[in-house]
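**Q** Please read through the structure below; I'll follow up with questions.
The values are calculated or read from the model by the stated rules, or taken from the named source; none is laboratory data. These figures come from a predicted structure and were not determined experimentally. Positions of Cβ are generated from backbone atoms using ideal geometry, with glycine treated the same way; all protein chains shown enter the neighbour counts. Just so you know, the surface numbers come from the protein's heavy atoms only, side chains and all, with ligands and any DNA or RNA stripped out. Shrake-Rupley method; radii C 1.70, N 1.55, O 1.52, S 1.80 Å.
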Amino acid sequence: MSLRENSPANSSVTGVLFESDADTADGALSADISQLKKAEKREFKLVWRNIILLSLVHLVGLYGVYLFLFHAKWPTRLFTIILYWMGTVAATAGAHRLWSHRSYKAKWPLRALLVFFNLTTFHFSCFHWARDHRVHHKYADTDDDPHNSSRGFFFAHVGWLLIEKPSNVVARGKSLDLSDLYADRILMFEHKYYFKLVTLLGFVLPTIIPMYMWNESFINTFCVAVVLRLAIVLNAQWSINSVAHMFGTRPYDKNINPTQTVGVSIVCLGEGWHNYHHAFPWDYRAAEWGGSSLNLAAAFIEFFAKIGWAYDLKTVSPEMIERRVKRTGDGNPIDAMPTDHELSPMPQSLLLDESHFHYKQLQL
């Protein structure tokens with residue numbers, strides 16, 4: 001299958017995955033997608049295993065909040081925060097910006113580190129995550145989107161995980177070109193042994209390390225470092241699908257559901273600038289700026305670029321951004337640029353911009 005999977009000929013496609021998918025000069029699709037964003041009435045098969053497990057995670061997680069505030073030792077609190085950061089970085093800098101969108105390249109030590117981080121949190125394997133996310137971008141907010149926000153907040157947030165994946169969504173995943181993911185040995189190793197490894201690294205070790213290292217109680221370490229942390233990480237990531245598709249401004253493209261949401265960026269290390277991200281998904285920053293206090297995932301990538309583990313960081317030129325804002329923006333002001341001391345500017349030699357790519361106009 002060609003890398004150019006998005007084309008107006010495929011009438012249900014509503015978004016781009018990579019820079020090569022765009023067919024306008026400002027990085028968009030030329031087709032009118034307004035009529036495609038919908039949610040047809042249909043019945044879903046509930047998966048009671050998921051309903052029960054996620055209900056328990058949230059109930060125990062609530063008790064974990066009490067233990068975190070009043071009973072857990074300070075090393076346990078710090079350990080929980082570190083694990084939260086690791087799991088979030090795995091999703092943002094790894095499964096999302098590296099493997100889903102190929103917005104930069106990474107040498108094997110960084111890929112291994114990101115996979116290790118991912119195995120501390122039950123996000124599913126990076127392969128699974130990237131495959132479903134590519135389907136989401138190609139068919140955003142349609143019935144082929146795994147977490148279609150057109151079905152409402154609850155469905156986009158968690159409801160999609162409580163049902164059997166619809167056959168049409170499964171078919172869309174199988175139709176994608178995933179050859180780059182299959183070619184990554186580290187990714188395939190994690191995918192093959194995922195459930196064994198995540199049980200060890202995401203549940204067993206986070207439970208026993210506080211108990212043996214600083215004599216924490218079992219109830220504190222399990223309810224706080226494992227369950228509460230898992231509940232917070234999952235809800236933070238889910239908020240990108242729900243909050244950042246419904247609440248906020250659309251200064252880059254008013255024709256798509258994703259929005260600019262500061263709160264989501266704070267809890268997800270820079271993933272809340274979602275209107276920009278869906279407009280230009282190949283930008284490693286997933287925002288109009290790089291590593292600031294509200295885009296720690298970009299700062300993470302930039303750090304590893306400086307030491308040579310990440311390279312070919314793709315960006316979008318200010319000229320292309322300006323063209324898109326003028327053509328499709330909702331008129332709201334662009335979020336204020338962070339001050340100079342908050343930024344981590346990258347050497348131009350490490351960056352790619354849209355001048356490296358070519359956009360073909362399709363004849364309709």
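**Q** Let's see if you can work this out: charge +1 on each Lys and Arg Cβ, -1 on each Asp and Glu Cβ, no other charges. What is the dipole magnitude of the stretch 102-232 about its Cα centre, in debye to the nearest 20?
**A** My answer is approximately 400 debye.
**Q** Follow-up. Would you work out the relative contact order for the stretch 121-244, in percent, from Cα pairs under 8 angstrom that are 6 or more residues apart?
**A** 31
**Q** Something else now. Can you compute 3J(HN,Hα) from phi for each residue in the stretch 322-334, using the Karplus curve 6.51 cos²θ - 1.76 cosθ + 1.60 with θ = phi - 60°, rounded to whole Hz and x for Gly and Pro?
**A** Coupling constants for the stretch 322-334: 4, 4, 5, 4, 5, 7, 10, x, 8, x, 6, x, 5 Hz.
**Q** Give the carbon-plus-sulfur fraction of the accessible surface of the stretch 1-159 in %, rounded to a whole number; probe 1.4 Å, heavy atoms of protein chains only.
**A** That share works out to 67 percent.
**Q** A follow-up question, please. GNM, the chain, Cα, under 10 Å: largest mean-square fluctuation among Lys192, Lys138, Lys41?
**A** Judging by the Gaussian network model, the answer is Lys41.
**Q** Now for a separate question. Which of Asp141, Asp330, Asp253 ends up with the largest GNM mean-square fluctuation for the chain, with Cα atoms connected below 10 Å?
**A** Among Asp141, Asp330, Asp253, the largest mean-square fluctuation in the Gaussian network model of the chain belongs to Asp330.
**Q** Still on this model: Which whole-Hz couplings ³J(HN,Hα) result when phi for each residue of the stretch 51-65 is put into the Karplus expression 6.51 cos²θ - 1.76 cosθ + 1.60, θ = phi - 60°, listed in order with x for Gly and Pro?
**A** 4, 5, 5, 5, 5, 5, 4, 6, 5, 5, x, 4, 5, x, 4
**Q** Continuing with this model, one more query. What is the Rg over Rh value, at two decimals, for the chain, using alpha-carbon atoms and the Kirkwood definition of Rh?
**A** 0.96
**Q** Multiply the residue gap between Met246 and Leu200 by 0.36 nm, knock off their C-alpha separation, and tell me the result in nm, one decimal place.
**A** Going from the current span to full extension adds 12.9 nm.
**Q** I've got another one for you. Out of the total accessible area of the stretch 186-283 (probe 1.4 Å, heavy atoms of protein only), what percent is carbon and sulfur?
**A** Roughly 74 percent of what the probe reaches on the stretch 186-283 is carbon or sulfur.
**Q** Using the structure shown, list the pairs from Lys73/Lys107; Lys41/Lys254; Lys73/Lys196; Lys174/Lys306; Lys196/Lys314 with a Cα-Cα distance above 32 Å, or answer none.
**A** Lys73/Lys107; Lys174/Lys306; Lys196/Lys314
**Q** Accessible area per residue of the stretch 48-143 at 1.4 Å probe, in Å²?
**A** 40
**Q** In debye, nearest 20: dipole of the chain around its Cα centre with unit charges on the Cβ of K, R (+) and D, E (-)?
**A** Roughly 940 debye for the chain.
**Q** Another question, if that's okay. What percent of all Cα-Cα pairs in the stretch 76-125 falls in each 5 Å bin, counting up from 0?
**A** 5, 23, 30, 22, 12, 5, 2, 0
**Q** For Tyr63, put the label point 7 Å out on the Cα→Cβ axis and report which residues of the stretch 182-210 keep their amide N under 17 Å from it.
**A** Counting only backbone N, you get 207.
**Q** Projecting each Cα onto the charge dipole of the chain (Lys/Arg +1, Asp/Glu -1 at the beta carbon, about the Cα centre), which of Ser179, Tyr139, Trp214 comes out farthest on the positive side?
**A** Final value for the positive-end residue is Trp214.
**Q** Okay, next question. Choose one answer from Gly87, Gly308, Gly61: the residue with the largest mean-square fluctuation in a GNM of the chain with alpha-carbon springs under 10 Å.
**A** Gly308
**Q** Moving on. Could you report the stretch 168-261's accessible area per residue, 1.4 Å probe, as an integer in Å²?
**A** 45
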